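Visitor: Okay, handing you the structure first.
The values are calculated or read from the model by the stated rules, or taken from the named source; none is laboratory data. These figures come from a predicted structure and were not determined experimentally. Every residue, glycine as well, gets a Cβ built from its backbone with ideal geometry; the counts of neighbours run over all protein chains shown. The area values use the complete protein model at the heavy-atom level, side chains included, leaving out ligands, DNA and RNA. Shrake-Rupley method; radii C 1.70, N 1.55, O 1.52, S 1.80 Å.
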Amino acid sequence: MELLGEGKKVLLGNEAIARGALEADVDVATTYPGTPSSEIADSLSAVARKMGEKGEAPFYFQYSVNEKVALEFAAAASHAGLRALTCMKHVGVNVASDALMTYAYIGCRGGHVIVTADDPSCHSSQNEQDNRYYARFASLPMLEPSSPQEAKEMTIEAFEISEKLELPVLLRTTTRISHARGVVELKPLKMTSKKGKFEKGGLTVTVPEVARKLHPMLLEKMERARELSNGSRFNFIEDFGGEDGIIASGAAYNYAREAVDDMGLKCRIFKIGMSYPLPEKKIIDFLKECRRVIILEELEPIMEREIREIAQRNDIGVEIYGKGFGKLERYYEYTPDIVYATLAEFFNLEWKYEGDVREAAPRPPVLCPGCPHRATYYAVKKVAPKDTIYPTDIGCYTLGLLPPYKTADFLLCMGSSIGSGCGFAYSTEQKVVAFIGDSTFYHAGLPALVNAVHHNHNFVVVILDNFTTAMTGHQPHPGTLLDGMGYEAVPMDIEKVVRGIGVKHVEVVDPRNLQETMEAMRRAMDFEGLSVVISRAPCILLKSKTKKEREIYQINQEKCRKCDVCITRFACPAFYHDEGGNVRINEALCTGCGVCPQICPFDAIEVKK
Amino acid sequence: MKKSVIIAGVGGQGVITAANILARASLKAGHNVVTSELHGMAQRGGNVECNVRIGNVYSPMVRRESVEAIISFEPLEALRNLHKVKRDGVVLTDVNPIIPPLISLGIGDYPPVEKIFEEIEEHCTLIKINADELARKAGSILTKNIVMLGAFHALGIFPIEEETLLETIRESFHERYAEANAMAFKLGKEAIESVGDMH
Ligand SMILES: Cc1ncc(C[n+]2csc(CCOP(=O)(O)OP(=O)(O)O)c2C)c(N)n1
Ligand code: SF4
Ligand code: SF4
């Protein structure tokens with residue numbers, strides 16, 4: 001296991017964070033998965049499972065039901081005096097934010113590092129919100145690494161800052177940090193297993209009177225954080241001559257630093273690693289020594305505004321450039337091309353900017369060959385009226401958005417399929433069929449379903465139960481037999497849950513049986529009131545891990561009449577047209593799921609002998 | 001010194017594994033190395049790109065016309081990244097198109113492969129190999145990424161000893177694939193050597 005090695009290793013940014021937590025002797029790690037954060041927790045899960053085999057794992061790891069619970073669990077561990085790590089993607093912090101805002105008030109005891117992995121350019125997210133605002137919103141210190149090596153060091157430092165200030169510390173990465181690999185120097189692992197003790201009597205029950213006491217105390221802690229930021233080795237200046245300055249953080253620093261070499265720029269770079277609170281004193285000195293300064297930060301002009309304010313308050317006449325200058329925008333991630341072109345303009349150099357993408361036929365991700373979601377969508381489309389509204393949710397099944405299924409009409413966030421389903425059912429006369437995955441159902445679908453039951457909203461909820469959290473890398477969830485440490489867990493039975501909260505019409509189907517699924521869907525849509533169809537079949541990637549021998553299907557060319565239903569309506573990616581225009585099945589792709597023979601009107605799809 | 005390569009292909013072809021092997025071999029050979037990769041949504045049959053950069057580098061991302069080579073596991077994916085390779089650089093690509101499923105539905109368009117090759121040749125040096133065929137010869141289509149690494153190594157762009165790269169490959173897989181991988185590497189390398197000394 002690379003992560004448990006020694007010396008110098010090439011690690012993913014996320015693995016480096018996991019390693020940092022292990023070097024810091026973390027006691028409890030919790031998460032709800034989400035790209036680009038998932039590998040932090042997945043690495044810790046793998047370590048826990050591996051070490052668990054040989055006896056006690058030296059820390060506790062949990063895939064929690066959602067980010068809020070993950071944070072609450074870890075907050076309690078911290079108040080028992082343990083070191084805790086909680087990781088999530090940027091939108092996960094929205095889910096955890098109710099806990100986070102007040103957690104900042106009561107603070108922590110054992111060091112607690114909360115990782116937020118942001119996703120500028122929405123590579124795998126529903127928005128590109130800038131979570132540096134959360135540091136300001138909640139009043140919590142924030143560190144932002146630029147490389148895997150820094151990610152590891154900052155994780156360790158974050159635990160220390162957290163204990164010094166008795167405040168949880170936010171570690172913010174972006175996709176280009178989390179998913180970059182780089183050389184990381186590994187230090188000895190300190191992994192000891194321990195239990196903590198909760199000392200009663202602190203200011204930990206936030207009734208109004210206590211909250212009012214805590215808020216000024218929090219602000220006072222943040223003043224001390226500002227001092228730490230002024231002294232932080234992660235806020236450093238590199239001098240390449242000249243009288244102009246660059247202030248940069250995160251991925252933008254990497255591009256700027258390389259531009260200085262490549263373009264021979266004379267300037268000083270102030271690299272901001274502890275980005276909240278900003279190192280005000282150091283910034284004042286820096287601004288005073290510069291004639292002009294350009295600020296390179298992705299997304300929102302957060303540092304820019306705070307630095308402009310610092311300059312104004314201290315009467316510093318430096319010219320400040322930021323968003324709106326050169327190619328710097330508030331949306332999408334920066335790229336080296338954007339940063340080079342902008343710096344060229346700033347330093348008055350000839351430069352040609354031609355953008356950094358090239359038009360080529362798109363290759364969007366699609367549902368895997370044999371994916372059970374495809375069968376469900378095919379069956380639903382067969383029986384649903386044309387103007388049926390399909391509120392959808394987040395997971396592999398969101399790919400139902402693509403033709404030919406187009407079974408996705410509305411999506412906000414995890415769980416929104418059922419909440420918005422209630423709203424559409426009330427607001428229209430159209431049929432409403434909401435789709436939600438199993439992991440998403442536990443995460444945020446349950447309260448919405450309770451709402452739907454209680455108000456007897458008339459629509460269908462299809463729960464796509466594929467036994468896993470597929471989209472983010474097949475993590476366990478409350479329905480699985482084992483937990484994230486490989487220990488036996490208590491699997492939740494969705495059917496019992498749904499019946500238990502009072503849904504009257506519930507059916508469980510195997511989507512690989514299309515006829516059965518279509519009939520169940522028809523009954524559910526005819527039912528007056530709320531109905532739930534649980535469409536249950538394992539993600540094909542789980543299955544192929546266990547089942548070695550598989551039957552492969554082929555087209556009987558004599559029977560095939562080239563109606564193309566399999567290609568245009570069912571669209572399993574294993575189908576293709578050969579040069580002669582014949583329909584064929586790519587053997588390397590076919591998983592033998594056995595669904596397509598049911599859709600061919602001429603019985604031309606058969607098992608290959 | 002600063003050398004960069006893009007490894008491109010389609011989800012499931014072993015692109016990330018290849019990038020990872022190249023990165024670890026680079027470190028073994030004493031180079032600083034950074035890489036970037038895309039996970040998540042990009043995996044389900046979507047396009048996958050990894051950059052591997054060695055030497056005096058900070059950024060895992062690359063600029064237009066800045067990389068020495070593209071190693072592409074599929075022709076269209078070479079084209080998608082073409083603007084990032086230097087004019088005096090190389091595109092090393094497999095010749096077997098993988099048609100995106102949406103195109104089978106009549107959405108979008110896959111340019112004729114010959115057109116793709118022409119466009120690449122207008123930009124820089126093009127080297128084509130039939131890596132699918134070589135991988136099958138080596139024992140399994142799954143060794144395609146190793147064929148590509150063998151071919152890339154033969155171009156001599158990254159200063160890494162052959163044995164260092166082979167050792168890293170051996171460490172990356174179960175023993176039972178060692179033989180097929182060694183063969184795949186050799187076939188990839190020979191495919192380039194037979195094209196002649198291009199670089
Ligand atoms: C608040 C929040 N947390 C995490 C994610 C990342 N995420 C996207 S889909 C998904 C889960 C998908 O699992 P499931 O619902 O079971 O569907 P599947 O992918 O298995 O089809 C997660 C965790 C997110 N988008 N939002
Ligand atoms: S990973 Fe599983 S759930 Fe996701 S598309 Fe593939 S088969 Fe479907
Ligand atoms: S059996 Fe048919 S639907 Fe299933 S994977 Fe093979 S070709 Fe696709």
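Visitor: Percent antiparallel among DSSP beta bridges with both residues in the protein assembly as shown, to the nearest 5?
Guide: 35 percent
Visitor: Suppose R0 equals 45 Å. What FRET efficiency, 1/(1 + (r/R0)^6) with r the Cβ-Cβ distance, do A:K197 and A:Q312 give to the nearest 0.05?
Guide: 0.40
Visitor: Take each of the peptides A:494-504, A:443-453, A:188-198, average the number of other beta-carbon atoms within 10 Å over its residues, and list them starting from the highest.
Guide: A:443-453, A:494-504, A:188-198
Visitor: Mean separation of Cα pairs under 8 Å and 6+ residues apart, divided by the residue count of chain A: what relative contact order is that in percent?
Guide: 11 percent
Visitor: Ignore the peptide's own chain and count Cβ atoms of other chains within 10 Å of each Cβ in A:364-371; give me the average, rounded.
Guide: Counting Cβ atoms of other protein chains within 10 Å of each residue's Cβ and averaging gives 5.
Visitor: Of the listed pairs A:K8/B:K2; A:K271/B:K84; A:K608/B:K186, which have alpha-carbon separations greater than 24 Å here?
Guide: Listed pairs above 24 Å: A:K271/B:K84; A:K608/B:K186.
Visitor: Using 1/(1 + (r/R0)^6) with R0 = 30 angstrom and r between the beta carbons of B:F173 and A:K8, what's the FRET efficiency to the nearest 0.05?
Guide: 0.85
Visitor: Going by accessible area, probe 1.4 Å, with all protein chains left in place, what is the ranking of B:M61, A:M142, largest first?
Guide: Ranked list, largest accessible area first: B:M61, A:M142.
Visitor: Just to be sure I understand the interface: list residues from region A:566-609 that lose 30 Å² or more of accessible area between the chain on its own and the complete protein assembly, 1.4 Å probe.
Guide: A:I567
Visitor: A further question on this structure: Just the C-alpha atoms of the protein assembly as shown: what Rg/Rh do they give, with Rh taken as the Kirkwood radius?
Guide: We get a ratio of 0.97 for the protein assembly as shown.
Visitor: Can you list the residues of region A:180-200 that have at least 50 square angstrom less accessible area with all protein chains present than in their chain by itself, probe 1.4 Å?
Guide: Those are A:R181, A:V183, which lose 50 Å² or more relative to the chain on its own.
Visitor: Right, another one. Which value in deg cm²/dmol, rounded to the nearest 500, describes the helix-derived mean residue ellipticity at 222 nm for chain B, given -39,500 (n - 2.57) per DSSP H run of n ≥ 4 and division by the residue count?
Guide: Calculated mean residue ellipticity at 222 nm is -12500 deg cm²/dmol.
Visitor: As a test of the definition: with a 1.4 Å probe, what buried accessible area, both sides summed, do you compute for A against B, in Å² to the nearest 100?
Guide: 4500 Å²
Visitor: Further question on the same structure: Between region A:348-422 and region B:151-197, what is the C-alpha centre distance in whole Å?
Guide: Centre-to-centre distance over Cα atoms comes out at 39 Å.
Visitor: Just subtract the alpha-carbon distance of A:N451 and A:K50 from 0.36 nm times their residue separation and send over the number in nm, one decimal.
Guide: 140.2 nm
Visitor: Skip the ligands, DNA and RNA, and give the accessible area per residue of chain A with a 1.4 Å probe, whole Å².
Guide: Heavy-atom SASA per residue in chain A reads 41 Å².
Visitor: How much of the accessible area of the protein assembly as shown, in percent, comes from carbon and sulfur atoms when a 1.4 Å probe is used?
Guide: That fraction is 51 percent.
Visitor: With every protein chain kept in place and ligands, DNA and RNA left out, what is the accessible area per residue of region B:31-105? Probe 1.4 Å, answer in Å².
Guide: Accessible area per residue: 24 Å².
Visitor: Considering chain B, what Rg and Dmax in Å follow from its alpha-carbon atoms?
Guide: In Å, with Rg to one decimal and Dmax whole: 15.7, 49.
Visitor: Cut-off under 12 Å on the C-alpha distance; same-chain residues fewer than 8 positions from A:K559 excluded. Which aspartates and glutamates are left, in chain and number order?
Guide: Partners within reach: A:D603, A:E606.
Visitor: Another question about this same structure. To the nearest 500 deg cm²/dmol, what mean residue ellipticity at 222 nm is calculated for chain A from DSSP H runs of n ≥ 4 alone, each contributing -39,500 (n - 2.57), summed and divided by the residues?
Guide: Computed mean residue ellipticity for chain A: -11000 deg cm²/dmol.
Visitor: Lys pairs in region A:372-540, Cα-Cα under 17 Å, at least 8 apart or on separate chains: how many?
Guide: 8
Visitor: Also, quick follow-up: Post the alpha-carbon centroid distance, region B:49-95 to region A:139-196, in whole angstrom.
Guide: Cα centres, region B:49-95 to region A:139-196: 32 Å.
Visitor: Per residue of region A:32-38, what does 6.51 cos²θ - 1.76 cosθ + 1.60 with θ = phi - 60° give for ³J(HN,Hα)? Whole Hz please, x for Gly and Pro, Karplus curve as stated.
Guide: After applying 6.51 cos²θ - 1.76 cosθ + 1.60, I find 10, x, x, 5, x, 9, 3 Hz.
Visitor: Run the reach check for A:K190 against aspartates and glutamates, Cα to Cα strictly under 14 Å, same-chain hits fewer than 8 apart removed. What comes back?
Guide: In chain and number order, the partners are A:E6, A:E23, A:D25, A:D27.
Visitor: Hey, can you list the residues from region B:43-80 whose accessible area shrinks by 40 Å² or more with all protein chains present, relative to the chain by itself (probe 1.4 Å, no ligands or nucleic acids)?
Guide: B:R44, B:Y58, B:S59, B:P60, B:M61, B:R63, B:R64, B:R80
Visitor: Further, regarding this structure: Sorted by average packing, counted as other Cβ atoms within 10 angstrom per residue and highest first, what order do B:167-178, A:361-372 take?
Guide: Going from most to least packed, we get A:361-372, B:167-178.
Visitor: On a straight-distance basis, which aspartates and glutamates could pair with A:K200 in a cross-link, Cα separation under 19 angstrom, same-chain partners fewer than 8 positions away excluded?
Guide: Cross-link targets: A:E72, A:E163, A:E166, A:E209.
Visitor: With unit charges on the beta carbons (Lys and Arg positive, Asp and Glu negative) and the dipole taken about the Cα centre of region A:209-313, which residue among A:Y253, A:I283, A:C267 sits farthest to the positive side?
Guide: A:I283
Visitor: In nanometres, what is the gap between the two model label sites at A:D409 and A:D578, each 7 Å from Cα along Cα-to-Cβ?
Guide: Calculated label separation equals 4.2 nm.
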